[in-house]
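First up is the structure itself, then whatever we jot down about it.
The values are calculated or read from the model by the stated rules, or taken from the named source; none is laboratory data. Keep in mind the model is a prediction, meaning the values are calculated, not measured. Backbone-built Cβ (ideal geometry, glycine too); neighbour counts: all protein chains shown.
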């Protein structure tokens, strides 16, 4: 695995951790608040959690199939997700 793909994998792992935190918080909120907005946030988090779990799996099992030119664009997308989930977690924690 190239260094860019390793970084991509570890950012996806960070995303999974952030999304697990967000899922736990939003499950607790959904139980107490019972609003459609909170349920929507929980579903949003769960969809991205599945996406990042699949991404980490594919990075490990299909790394030989990634073309060299795709590493940087995929890294940029994953890094943007990490920044967005970090902001989301920070705002949720407030």
Could you list, in sequence order, the residues of segment 25-41 that are closer than 22 Å to residue 54 by Cβ, touching a helix residue (DSSP H, G or I) at 6+ places or on another chain (Cβ under 8 Å) and surrounded by fewer than 18 Cβ atoms within 10 Å (Cβ to Cβ)? 27
Can you find even one residue in segment 57-70 that is on the phi > 0 side of the Ramachandran plot, more than 14 Å from the chain's Cα centre (by Cα) and outside any helix (DSSP H, G or I)? no
Output yes when any residue across segment 2-24 is at negative phi, crowded, with 17+ Cβ neighbours inside 10 Å and without any contact (Cβ under 8 Å) to a residue 24 or more places away in the chain, and no when none is. no
Identify the single condition in (1) free of Cβ contacts under 8 Å to residues at least 40 places away in the same chain; (2) crowded, with 17+ Cβ neighbours inside 10 Å; (3) under 15 Å from residue 12 (Cβ atoms) that residue 81 does not satisfy, given that it satisfies every other one. (1)
Given the condition more than 14 Å from residue 89 (Cβ to Cβ) and part of a helix (DSSP H, G or I), answer yes or no: does some residue in segment 16-27 qualify? yes
Single match in 50, 45 (criterion: more than 13 Å from residue 88 (Cβ to Cβ) and either at pLDDT 95 or above or not in a helix (DSSP H, G or I) (or both)): 50
Could we say that residue 75 is surrounded by 14 or more Cβ atoms within 10 Å (Cβ to Cβ), in a helix (DSSP H, G or I) and at pLDDT 95 or above here? no
Of the conditions (1) at pLDDT below 95; (2) more than 21 Å from residue 90 (Cβ to Cβ); (3) assigned to a helix (DSSP H, G or I), residue 1 clears all except one; give me its number. (3)
